[in-house]
Every structure is written in C-alpha cells, then in structure tokens.
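The values are calculated or read from the model by the stated rules, or taken from the named source; none is laboratory data. In this text the structure is predicted, and so the values were computed from the model without any measurement. Quick reminder, even Gly has a Cβ in these numbers, built from the backbone with ideal geometry, and neighbours come from all protein chains shown.
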Amino acid sequence: MFWVRLVSLVWLFLNSATGVIAESYPSLIIPHAGDTEIRCLTPSLVEISLITTKNPDPAPVKQWPFADLNGKPSLPTPKQFVVTIDGKPASVVAVGFKRRVLYAPLKRRDLRIANDLYLKLATTIKDNQKVEVSNPDEHLWENKKPFSTVFSSLRWSPAIHVNQTGYQTSSPKTAMVGYYLGNLGEMDLNFLTDLIPSSTNGAAATTPTFSLKDAHTSKSVFEGRLTRRPDRGFPFSSYQAVWEANFSEYKVPGEYQLFVPGLGTSFPFSISDGAAAAFARAYALGLYHQRCGTSNALPFTRFTDGTCHTALVDIPFPQSAFKTTWEILADKTTDVKENARHTAPRMKGEKSQLYPFIKRGKLDVSGGHHDAGDYSKYTINSAALIHHLILAADAFPGVAALDNLGIPESGDGRSDILQEAKWEADFLAKMQDDDGGFFFLVYPREREYENDVTPDHGDPQVVWPKTTSVTAAAVAALAQCASSPTFKKQFPEAAAAYMVKAKAGWNFLQRGIAKYGKDGAYQKITHYGNEFMHDDELAWAAVEMFLATGDSAYEKLIGEWFHPASEETRKWGWWRLYEAYGCATRSYAFAAKSGRIKRERLDPALLSKCEEELIAAAQDQLDRAEESAYGTSLPKETKQSRSAGWYFSGDAAFDLAVACQLDFPVMNDPRPKFMRAIWSNLNYEQGCNPINVCYLTGMGWMRQHEIVDQYAQNSRRILPPTGIPLGNIQDGFGWLDNYKKELGELSFPTDGDQVAPFPFYDRWGDSFNLNQEFVIVNQARSLAYLAWLMAQSPLKDQPWKFASATITGIPQRIASGERLILKLQAPGIDLENAQIVWEASDHAPTFGQTFTFSPNKAGPHWIEAEAQLPDGRRVFATTNCTVK
C-alpha cells in the first residue's frame with residue numbers, strides 16, 4: 001500500500017534511547033527537544049540536526065551556541081568532527097550552521113529550536129555506504145554514539161519540492177530543487193552535472209537530469225532536464241541556485257516521486273483528473289468551518305461544535321451601558337487626524353456619530369462567516385466574499401453548475417458556490433439599520449477577541465455604528481446578487497429582497513453626501529474600508545446599481561467616481577484591483593459577458609479600461625511568478641522593502657484566472673502563460689516551496705499545527721480545522737507574550753542582516769504569527785479560481801454527498817495500557833488510496849490506514865479519523881470510549 005509504505009518510514013527512531021533519527025519523511029509529530037537527525041543532502045554534504053529548547057527543564061538539552069543573538073558565528077572547526085564512510089575516515093573541509101525556531105505555541109511556552117550543522121566532505125559517498133558522524137570530546141553533543149545512516153540513492157530529499165497533493169493530468173507540472181545551508185548560503189547543485197553520463201559522441205552534458213518514478217515500484221516513467229530558475233527582485237542574493245523540473249507533457253495518472261540523481265526523491269504525489277477538485281473541496285470545507293449561526297457537524301467535518309452566535313446582539317445605545325465597546329472603538333479612530341481629507345468628526349462616542357442608531361435594543365444578525373481567525377464579522381469583507389463568489393458563478397465557465405464541493409447543501413440541485421455566497425448575503429441583509437445604513441461589524445461586547453472559548457460558547461455581541469464605506473460595499477454586494485442571472489434563477493425571492501435593501505442603502509448614501517459633502521460624509525473606524533476613504537466603495541456601489549437597474553443616474557456617477565487603470569485606484573500606486581476598485585472593475589468588465597446588461601449599454605471606453613486593468617493585473621502576477629525562483633507572485637516592491645505579511649498565493653492566482661476569461665487574439669493569447677502562473681502559485685501554497693510546508697490546513701505531508709485561529713487554539717485537537725489558508729511568506733516572527741522578542745532573535749543568520757539575511761521563503765516556524773492570518777476574502781478568491789479549474793475537469797459532474805463512516809476495533813472494555821489497532825470504514829467508499837489522518841486524546845496525530853490506540857490512563861477518551869480521497873472527497877468519523 002502506497003500510504004502505508006509512506007507511513008512506515010515516518011520518523012523512524014534507530015535508537016529510542018539516543019533519539020537519533022534515520023533519514024526519513026517528516027511526519028505530523030513535531031520533534032521534541034533532544035531529538036537528533038542525520039541526512040545526506042548530497043554525496044558530499046551531510047546535515048546533522050538537533051532540537052533544543054530554552055524552556056525550564058530539570059535536565060536541559062545541551063545547546064549548540066554557534067551564533068550569538070547579533071548574528072556573529074562561532075562555528076566548530078572541521079577537526080571537531082569525525083566522519084567515517086564504511087568505517088574509513090572522511091575529511092570535513094567546511095562547516096556551516098543554520099538556526100531557527102521550529103515550534104512556539106501561543107498559549108503555553110514550549111519553545112523548540114531547530115539547529116542544523118552542515119559538513120562538506122572531501123570524499124564522495126556511494127550508494128549503500130554507511131555514514132557516521134561523531135564528536136569524540138562530546139563538546140558538540142553529549143552522546144558518545146555517533147549519528148549514523150546508510151546512504152540510499154532513493155532517500156527522501158528536503159531539497160526537492162513538489163505539490164504534495166498532486167497535479168492535474170492536463171495542467172502544467174513543475175517542481176523545484178534548491179536548499180539553504182545557513183551561513184554557507186545556498187546548496188551548490190553544480191555537482192549534479194558531474195553525475196550526467198556523457199553523450200554518445202563523447203561530449204559531456206551540461207544540464208542535470210531528473211526523472212519521475214512510480215511511487216510503488218520506483219520504476220522511472222519519464223525523464224527530463226532541470227533548468228536554472230534564479231530569483232529576481234530581492235536587494236540581496238537569494239535563491240540563485242534553484243532549478244526547475246518541468247514534466248508537463250507527462251499525463252499518465254498515477255502516484256509518483258520526483259528523482260534527482262545525487263539528491264534523492266521527493267514526497268509522493270499524484271497525477272490525476274481529481275487534483276483541482278481536491279483543492280476546491282478543501283477550500284469549500286474551510287469556508288464551511290467559518291460559518292456562523294450554525295453548527296459544524298458530522299458527517300461534514302470532524303471539527304464539530306455546537307450552534308454559535310445565534311443570540312440577539314445589542315445595539316450599543318446608550319453609550320453609558322456599553323462603556324467597553326465605545327472605548328475599543330475610540331481607540332481605533334485615533335489616527336484620523338493623519339488624513340487631511342478626513343473632515344468629519346472623529347468617531348469616539350455616541351454623540352460624534354454622523355449617523356446615529358435608529359434601531360434600539362436587540363438585533364438578529366446571525367449567519368455569515370467568521371471573518372478571520374476570530375469570530376467577528378466585518379461587513380466590508382462580507383461584501384467582498386459575496387462579490388468574488390458571485391463573479392465566479394457568473395463569469396467562470398462551469399462554476400455555477402458545481403453541486404459537489406462537499407458542503408451540507410451539495411447534491412441538492414443548486415449551485416454550491418451560490419449557496420455559500422447566499423449564506424453570507426443573508427447575514428449582510430440583516431446588518432441594515434432602519435435608515436438604510438449598514439452597521440460596521442459584529443463584535444464581542446466586553447472585549448476585542450473571544451480568545452479562550454470555542455464559537456459555540458462565544459461572548460454576547462454588539463454591532464458597531466454605520467459608516468458610508470461599509471454601507472456602499474453592502475449596497476454593491478447585494479445589488480450584484482440581485483442582478484446576477486445565475487443567482488436570480490436559483491434564488492428569485494432572495495434576489496428581489498436584496499435589491500430592496502440595496503436601494504435603501506443607496507438612498508442613505510445619497511442623503512449623507514448631500515448633507516455633508518462627499519469627503520465630509522465619511523467617518524473612519526478601523527483600517528477596513530479606509531485605504532481610499534469610501535471612494536472605492538462608492539464607485540463599486542454605483543457600478544452595481546447601474547448594472548442592476550440600467551438607470552442613467554448611476555451611470556453619471558460612475559463617470560465621476562470611477563477611473564480604472566489609473567494610479568488613484570491602486571494602493572501605493574502599483575497594487576492594481578485593490579479592494580472595492582477591483583470589485584467595480586471586474587463587475588463592469590464582465591457585465592455583458594455574464595448577461596447582467598446588454599453590451600451596448602456599457603461605455604466602450606470604460607469597458608476597455610476595465611479589461612486593460614484586468615489584463616495588466618494578470619501580467620503583473622505573471623511577471624512576479626516568473627521572477628520568483630519558486631513561482632509565487634511576491635511583488636518586487638515587497639521584496640525591495642524587505643518586508644512581507646498577509647501574502648497568499650491564491651490571491652495572485654485569482655487575478656490570473658479572471659484575466660483568462662477575457663477574449664484574446666489567437667496569435668497573441670497570454671492565457672497559456674497565465675495558466676502556468678496559476679499552477680505555480682498553487683504549487684507554492686501546496687508545498688512546492690523551500691521548506692516543503694503546505695500553507696492550507698488539512699493538505700499535504702508537512703502541516704502547520706499552530707495557526708491564528710481562535711477555534712484551533714481552543715479545540716481539543718492538535719491539528720487545526722481543514723481548509724484554512726495560511727500566509728505563504730512573512731518577514732519573521734512577531735511578539736508573543738510567552739517569548740517576547742526571543743523567537744526572532746534566535747534565527748541565524750539573522751532576518752535583519754543587510755547583506756545575507758535568512759532568506760524570505762525559508763522564514764517559517766510553527767508558531768502563532770499574525771502575519772499569516774487569513775480573512776474570508778482570501779478564502780473566497782481561492783475557492784473561486786479553484787472551482788473554475790475543477791469545472792474544467794472530468795470531475796465537474798461527479799456526484800457527491802457526504803457519507804457516514806465508523807471507527808472499528810474498539811472493544812466494550814478497554815484496560816489502561818492496552819494496545820488496539822483501529823480502522824476506518826465507510827460503506828460504499830473505497831478508502832484503499834485515501835490519505836487518513838488520526839487524532840486521539842493523549843496521542844500525537846498520525847497518518848495511516850490503521851491507528852494504534854494505546855491509552856495510558858483511565859477515564860474518557862476520544863478518537864477521530866479524517867480520510868481524504870485523491871479527488872478531495874472526505875469522510876470523517878469520531879468515537880468515544882472509557883478506559884478502566
């Protein structure tokens with residue numbers, strides 16, 4: 001069995017007493033302080049690793065203090081190591097070092113630090129030779145037993161990076177090769193050319209080779225040549241020794257590993273017609289996990305909780321009864337004086353509102369989605385989620401027909417994408433006051449974050465005051481639903497009701513502007529909707545109201561308020577399609593194509609500018625992907641500023657997918673290039689990055705445990721809910737109370753080094769990092785483009801309703817210490833090729849077709865299983881037992 005064979009190799013300990021780990025695949029288990037590992041990176045480069053800590057411990061692990069907190073190295077000398085190959089001495093010619101925090105959870109101090117030493121050898125290691133590394137004086141580590149491994153040409157290599165879930169049969173398929181060695185810089189792969197056999201005429205080949213191997217038999221099925229892929233844009237030298245393997249022409253479904261002579265093999269992955277469906281279904285499950293006003297329940301997920309936030313919320317009036325709410329709000333508005341255009345009174349109390357509450361008492365605002373890692377709901381992001389999903393249903397071929405994404409509504413004959421959008425729109429419609437304005441957000445009443453509870457035990461909540469920016473966004477989103485041909489067909493009553501709400505909201509905006517002027521009508525609360533004040537939301541609202549009604553009065557305002565393809569619509573002058581300006585541009589560009597309005601009603605010049613901006617945005621993302629050694633569209637402006645955060649490859653892929661829906665001349669069609677960039681961005685997210693981490697929870701072989709998510713932080717489980725995207729690139733660790741600045745200070749080389757810093761794509765640690773926090777807009781963008789890829793695949797019509805599953809092998813009576821072998825069963829579903837994750841109380845999560853359950857204490861216990869089929873369909877099971 002493929003998965004069984006993989007699991008049998010995971011973190012095998014050769015000697016449990018010493019904690020020395022053989023060369024093997026990483027697993028779901030986070031190494032502990034004292035764990036060590038040896039790995040042959042190349043035939044002449046050995047990596048030895050030690051996990052250390054700075055936690056209070058009666059028997060602390062010996063540190064490797066090879067660099068101080070200022071980044072000054074103090075490395076051991078080559079003579080301090082004794083290396084033997086089959087018992088014969090091998091000289092060490094150079095020593096390198098790298099250090100970074102591996103794990104640092106938020107709620108309790110548990111600091112685990114990865115320390116990696118690199119030994120360059122003067123001797124070449126051959127297949128099946130035994131390699132041992134020792135330090136006889138025990139200065140480097142206390143254990144006299146050497147690090148030991150047997151060199152295998154088929155060993156797993158951390159330097160080979162693939163999409164760990166797999167590649168669509170007909171899609172572009174690329175993988176990357178490269179590795180960072182700390183102060184030694186990048187691993188020099190020029191040695192690969194020495195391993196290439198000479199050509200038949202005696203000339204030496206100069207380009208390294210790779211091959212695809214069947215994951216079951218290790219038989220080569222395809223061969224190709226690596227090509228150099230240096231990164232461009234950073235103000236220092238990074239990722240100049242990266243190579244690309246392109247196997248796009250190979251289209252035979254199966255399970256494979258990428259093999260590079262001298263380096264070894266990659267993680268196993270699939271080539272199948274179901275890859276796009278696997279990604280789309282994961283994101284759909286993630287949005288389901290974000291639903292508010294309902295429960296998450298079996299059989300749709302194992303991350304179950306009760307119904308949340310259905311209680312009526314408060315209107316915070318009078319102010320005296322809601323002191324905390326107004327104090328928090330006032331703190332968010334202290335910076336209004338920095339904006340010369342902000343002429344409205346600073347909102348800091350009930351009397352400073354331009355638009356006082358009309359409703360009083362309690363309000364039903366249940367539904368929608370939790371906006372991010374917390375349980376709050378932001379009106380402006382709700383509107384943006386609706387826009388992206390409705391646009392996908394209207395403009396992306398086949399998306400509206402998908403009824404098999406794996407949400408509770410799947411299989412009911414209606415579009416899954418539209419039903420997820422409607423879940424949000426129904427909530428948004430409830431956020432309207434009696435004067436037509438929309439409330440800013442739903443928030444806890446007595447604090448900012450419900451950080452110590454699951455959502456079904458969440459706090460009493462309040463709404464915050466109305467603003468013109470969120471009102472305009474709500475007007476736009478509801479009008480877009482109301483005029484969407486696909487939405488109107490499936491939900492005619494809701495569409496009509498939304499239009500009534502949109503018109504009332506528009507009238508609110510017009511009254512406010514008439515009374516205070518366009519600038520004076522705007523009051524800032526938080527950064528949401530503040531980038532262009534309310535200019536972009538007003539432009540978007542005008543566009544959607546015109547497309548919904550055809551009224552020339554809205555068209556006139558579009559001419560005044562909306563100027564696409566200009567710097568005034570771009571963040572920092574270069575970030576195209578930012579926030580509501582992007583929504584307006586997309587809606588206008590696809591208005592006629594989606595059947596919302598006849599083409600002759602559109603302004604040809606404005607339409608042309610909108611299409612030009614969409615193409616330019618896609619070209620930006622393409623250029624960035626091509627300039628990245630690993631194919632992700634990190635902007636050069638971000639690289640130059642030496643900063644990164646809240647970066648999601650799926651956002652770039654969405655922009656590329658939007659442009660793919662436009663018409664291009666046959667002889668100059670950029671869409672094939674756009675498609676390559678879509679997949680390279682997806683690959684990066686799915687593990688084809690320097691550290692092999694999958695940045696979508698519940699996917700891939702290497703998974704992040706600690707994420708910015710209140711549910712995950714308070715769940716009984718170690719792993720977070722499936723389908724949550726994580727920021728793909730960040731500039732470093734943030735401040736955490738349990739560690740202060742310690743996490744960033746421990747890195748070597750340092751992140752702040754001006755000449756050779758710790759490279760950006762490698763800056764990862766399994767820790768709570770706000771720079772990785774998602775919002776529902778990131779989820780909607782990725783679900784939109786991935787649903788389109790799925791809709792182009794043979795699985796677009798695959799029927800799927802969730803099936804029930806059970807965990808077998810649990811007797812009626814269980815004794816403490818008893819060892820049970822459990823199995824997952826799902827009638828009618830073949831789980832033979834499923835990737836199954838198990839979690840249980842007092843057990844680390846693990847992959848496996850079976851699960852060894854061995855409770856070590858009496859009392860109640862729980863066990864869960866989550867099976868992912870190759871096409872992304874999932875089945876879940878949970879059970880409880882009592883140990884005597």
TODO: Taking Y588 as meeting all but one of (1) surrounded by fewer than 24 Cβ atoms within 10 Å (Cβ to Cβ); (2) over 30 Å from P465 (Cβ atoms), write down the number of the exception.
DONE: (1)
TODO: Starting from residues that are of a type in the set (S, T, Y) and surrounded by 18 or more Cβ atoms within 10 Å (Cβ to Cβ), keep the ones in the range 326-375 and report whichever is nearest to D519 (Cα to Cα).
DONE: Y355
Task: Residue that is surrounded by the fewest Cβ atoms within 10 Å (Cβ to Cβ) [pool: residues in the range 240-263 that are within 16 Å of Q164 (Cβ to Cβ) and either under 23 Å from the mean Cα position of the chain (by Cα) or small (G, A, S) (or both)] - done: G254
Task: Matching residues in the range 533-549 - criterion: being surrounded by fewer than 24 Cβ atoms within 10 Å (Cβ to Cβ) and within 14 Å of T343 (Cα to Cα) - done: M533
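Might you let me know whether the range 134-156 holds any residue that is under 30 Å from L789 (Cβ atoms) and at pLDDT 95 or above?
The initial filter retains those residues of the range 134-156 that are under 30 Å from L789 (Cβ atoms), namely 156.
Filter once more, keeping what is at pLDDT 95 or above: 156.
Within the range 134-156 (the criterion being under 30 Å from L789 (Cβ atoms) and at pLDDT 95 or above), the answer is yes, since at least one residue qualifies.
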- [ ] Just one of (1) touching a Gly at 6+ places or on another chain (Cβ under 7 Å); (2) part of a helix (DSSP H, G or I) trips up L418, so point out which.
- [x] (1)
Open item on the list: Take the residues in the range 465-508 that are out of contact with any helix residue (DSSP H, G or I) (no Cβ under 6 Å at 6 or more places or on another chain) and aliphatic (A, V, I, L, M); name whichever of them is farthest from H388 (Cα to Cα).
Closed with: A504
Open item on the list: What pairs come out if I take residues in the range 306-322 that are farther than 12 Å from G293 by Cα and assigned by TED's automatic domain parsing to the domain that holds G293 and pair them with residues that are of a type in the set (S, T, Y) and not in a loop (DSSP other than H, G, I, E, B) whose C-beta lies under 7 Å away, six or more apart or interchain?
Closed with: P316/T325
Open item on the list: Among the residues of the range 423-459, what is the count of those that are touching a strand residue (DSSP E or B) at 6+ places or on another chain (Cβ under 8 Å) and outside any loop (DSSP other than H, G, I, E, B)?
Closed with: 14
Open item on the list: Can you pull out every residue in the range 855-884 that is of a type in the set (K, R), outside any strand (DSSP E or B) and buried (at least 19 other Cβ atoms within 10 Å of the Cβ)?
Closed with: R873
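Matching residues to (1) under 26 Å from D374 (Cβ atoms); (2) surrounded by 24 or more Cβ atoms within 10 Å (Cβ to Cβ); (3) more than 30 Å from the chain's Cα centre (by Cα):
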| site | (1), (2), (3) |
| --- | --- |
| D459 | yes, no, no |
| K466 | yes, yes, yes |
| A473 | yes, yes, no |
| L478 | yes, yes, no |
| A482 | no, yes, yes |
| P485 | no, no, yes |
| A494 | no, no, yes |
| A497 | no, no, yes |
| A504 | no, no, yes |
Open item on the list: Considering only residues that are over 15 Å from W464 (Cβ atoms), polar (S, T, N, Q) and part of a helix (DSSP H, G or I), which ones fall in the range 307-354?
Closed with: S320
Open item on the list: Conditions first: (1) buried (at least 17 other Cβ atoms within 10 Å of the Cβ); (2) in contact with a Cys (Cβ under 7 Å, 6 or more places away or on another chain). Y647 passes all but one, so which condition is the exception?
Closed with: (2)
TODO: Could you run through the range 220-256 and say how many residues are part of a strand (DSSP E or B) and free of Cβ contacts under 8 Å to residues at least 60 places away in the same chain?
DONE: 10
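Considering G406, G349, G367, which residue is farther than 30 Å from Y588 by Cα and over 21 Å from the mean Cα position of the chain (by Cα)? Talk me through it step by step, then tell me what you get.
On the way: G406 fails: over 21 Å from the mean Cα position of the chain (by Cα); G367 fails: farther than 30 Å from Y588 by Cα.
Criteria check complete, one pass: G349.
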Open item on the list: Going residue by residue through the range 683-691, is there one that turns out to be among the aliphatic types (A, V, I, L, M), closer than 26 Å to L258 by Cα and touching an Asp or Glu at 6+ places or on another chain (Cβ under 8 Å)?
Closed with: yes
- [ ] Determine which member of the set A541, A495 is touching a residue at least 40 places away in the same chain (Cβ under 8 Å) and closer than 18 Å to A429 by Cβ.
- [x] A541
TODO: Return yes when V462 is assigned to a strand (DSSP E or B), in contact with a helix residue (DSSP H, G or I) (Cβ under 8 Å, 6 or more places away or on another chain) and in contact (Cβ under 8 Å) with a residue 12 or more places away in the chain and no when it is not.
DONE: yes
TODO: Return yes or no: is A94 closer than 30 Å to Q713 by Cβ, of a type in the set (A, V, I, L, M) and either surrounded by 19 or more Cβ atoms within 10 Å (Cβ to Cβ) or modelled with pLDDT of 95 or more (or both)?
DONE: no
TODO: Those residues that are in a strand (DSSP E or B) and either under 13 Å from L298 (Cβ atoms) or touching a residue at least 60 places away in the same chain (Cβ under 8 Å) (or both), I need them from the range 845-854; list them, please.
DONE: P845, T846, F847
- [ ] Tell me, please, whether a residue that is touching a Phe, Trp or Tyr at 6+ places or on another chain (Cβ under 9 Å), farther than 30 Å from I271 by Cβ and in contact (Cβ under 8 Å) with a residue 60 or more places away in the chain can be found in the range 779-795.
- [x] no
TODO: State whether one or more residues within the range 526-535 are under 28 Å from the mean Cα position of the chain (by Cα), of a type in the set (D, E) and either at negative phi or not assigned by TED's automatic domain parsing to the domain that holds Q640 (or both).
DONE: yes
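What residue, of K107, K120, K88, is closer than 13 Å to I48 by Cα and of a type outside the set (G, A, S)?
Only one candidate qualifies: K120.
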Open item on the list: Quick check on my filter: what residues within the range 711-746 are touching a helix residue (DSSP H, G or I) at 6+ places or on another chain (Cβ under 7 Å), not in a loop (DSSP other than H, G, I, E, B) and not hydrophobic (A, V, I, L, M, F, W, C)?
Closed with: Y711, P725
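Anything in the range 818-844 that is assigned to a strand (DSSP E or B) and either of a type in the set (V, I, T) or surrounded by 20 or more Cβ atoms within 10 Å (Cβ to Cβ) (or both)? List them, or say none.
Of all residues in the range 818-844, those assigned to a strand (DSSP E or B) come to 820-825, 835-840, 843-844.
Passing the criteria: I821, L824, Q835, I836, V837, W838, E839, A840.
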Task: Selection count, the range 497-551, where residues are of a type in the set (G, A, S) and within 23 Å of A330 (Cβ to Cβ) - done: 4
TODO: Take the range 549-583 and flag every residue that is closer than 20 Å to A495 by Cβ and either touching a strand residue (DSSP E or B) at 6+ places or on another chain (Cβ under 8 Å) or in a helix (DSSP H, G or I) (or both).
DONE: T549, Y554, C583
Open item on the list: Looking at the range 30-45 only, could you name the residues that are assigned to a strand (DSSP E or B) and more than 26 Å from L111 (Cα to Cα)?
Closed with: C40, L41, T42, L45
TODO: May I ask you to list the residues in the range 170-195 that are charged (D, E, K, R) and closer than 16 Å to D762 by Cβ?
DONE: E186
